[in-house]
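Nothing in this text is a laboratory measurement; each read-out follows from the coordinates by a stated rule. These numbers were taken from a predicted model, which means no experiment stands behind them. Cβ coordinates were reconstructed from backbone atoms using ideal geometry, including for glycine residues, and neighbour counts include every protein chain displayed.
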Amino acid sequence: MRNFSCDACGQTLYFESVRCVKCGQDLAYLPDEERVAAIDPKKYRLCANSVAYGVCNWAVPLADPNKLCRACRMNEVIPNLSQPGRQEGWHRLENAKRRLLYTLEALQLSLEGVSFSFMEDGPGPLSKVFTGHRDRRITINLAEADDPFREKLRQQLGEGYRTLLGHFRHEIGHYYWDRLIQGSTWYERFRALFGDEQAEYDAALQRHYAKGPPSDWPERFISAYATMHPWEDWAETWAHYLHMIDTLGTARAYGLALRPEPVGSLRSADPTGRTHATDVAGFDELAHSWVALTLALNSLNRSMGLIDPYPFVLGPAVLQKLAFVHEVVTHSAAR
């Protein structure tokens with residue numbers, strides 16, 4: 001993600017910023033200009049979900065008759081705001097969703113027909129909401145916006161990483177399998193790398209939770225969950241690719257220069273990453289930059305006594321899969 005700054009005082013801003021902490025200027029993200037800036041009332045107005053609920057920081061051009069920004073228009077179901085805590089949870093979901101949309105638009109990937117439903121479990125066992133994707137609709141269980149709940153699940157399921165943004169990136173991966181892989185010229189290469197997706201999904205799901213992943217899974221998969229079924233392997237790999245693209249882009253925007261070689265090495269490098277995949281000369285450059293950056297991220301966290309933010313190991317088989325995703329994305333952008 002690129003770096004943003006206040007056009008009134010130059011203060012560095014976050015993508016989610018709604019007010020400059022230095023000069024107090026009210027701000028919004030202008031999607032058509034791809035920047036966070038003060039709203040010119042002659043050109044823009046705030047999204048209705050910002051005015052009414054404070055859960056959105058995107059602006060709407062005055063020429064657009066819709067009261068909602070183009071990100072909020074993609075919502076099919078929102079939480080029941082009459083219940084306590086729902087508005088705060090919805091806000092967290094919206095922040096993660098908008099980061100997803102920003103990256104996908106930077107990669108020039110179509111979002112045709114995509115919708116989002118933010119739902120919560122009902123009183124009975126048959127009304128449980130499962131986070132997932134079906135027919136271009138992405139459903140996220142509102143409980144995932146609760147940090148203690150999500151952390152408890154992360155530990156129960158033995159996951160090194162579980163975030164709202166990760167959920168969005170994973171589920172949109174299923175959408176892009178339908179859109180970019182199924183019935184395409186990529187299909188046979190997908191099956192060679194990820195396996196036969198025609199394997200019965202429910203049986204694979206039951207087997208995974210009954211027996212767990214194979215002992216050698218880190219050699220071939222990005223996560224334990226990716227071992228469950230080729231569809232999940234693809235979605236996990238796709239999500240990881242988006243992690244790489246966005247984080248490297250942010251590192252580059254802040255001018256981070258990384259040298260992954262040991263001190264005293266004759267060879268030096270400055271793999272600062274790129275804003276998005278279409279800026280990268282090849283996947284090898286991207287992977288080299290990513291390894292350097294994640295070593296730095298983990299080292300910084302350990303200096304603070306925190307857990308590693310990047311608990312993954314990229315083996316040769318995983319790198320092959322990531323390189324395939326990179327090729328699919330860059331080809332789609334070129335088209």
Between residue 116 and residues 5 or more places away or on another chain, the pairs with built amide H atoms under 5 Å apart involve 75, 76, 77, 138
Options (1) 5, 22, 33, 27, 11, 2, 0; (2) 5, 24, 32, 21, 8, 4, 3, 2, 1, 0; (3) 5, 24, 28, 20, 14, 7, 1, 0 are given for P(r) over Cα pairs in 10 Å bins from 0, in percent, and the computed one is (1)
Only helices counted: for the chain, with every DSSP H run of 4 or more residues adding -39500 (n - 2.57) and the sum spread over all residues, [θ] at 222 nm is -13000 deg cm²/dmol
Note on the chain: contact order normalised by length, alpha-carbon pairs under 8 Å, 6 or more apart, percent, works out to 13 percent
Cα-Cα longer than 26 Å, checked against 42/67; 22/67; 128/321; 42/97; 97/211, kept in input order, equals 22/67; 128/321; 42/97; 97/211
With the 8 Å Cα cutoff and a minimum separation of six or more residues, region 59-125 has a relative contact order in percent of 41 percent
Highest GNM mean-square fluctuation among 288, 170, 133, for the chain with Cα springs under 10 Å, belongs to 288
Longest the chain segment clear of GluC sites (Glu not before Pro) sitting in DSSP loops (not H, G, I, E or B) with at most 10 other Cβ atoms within 10 Å runs 201-335
Whole-Hz Karplus couplings 3J(HN,Hα) for region 217-224, θ = phi - 60° and coefficients 6.51, -1.76, 1.60, Gly and Pro as x, run 4, x, 6, 10, 9, 6, 8, 5
Rounded to 0.05, the calculated FRET efficiency for the beta carbons of residue 152 and residue 198 at R₀ = 30 Å is 0.30
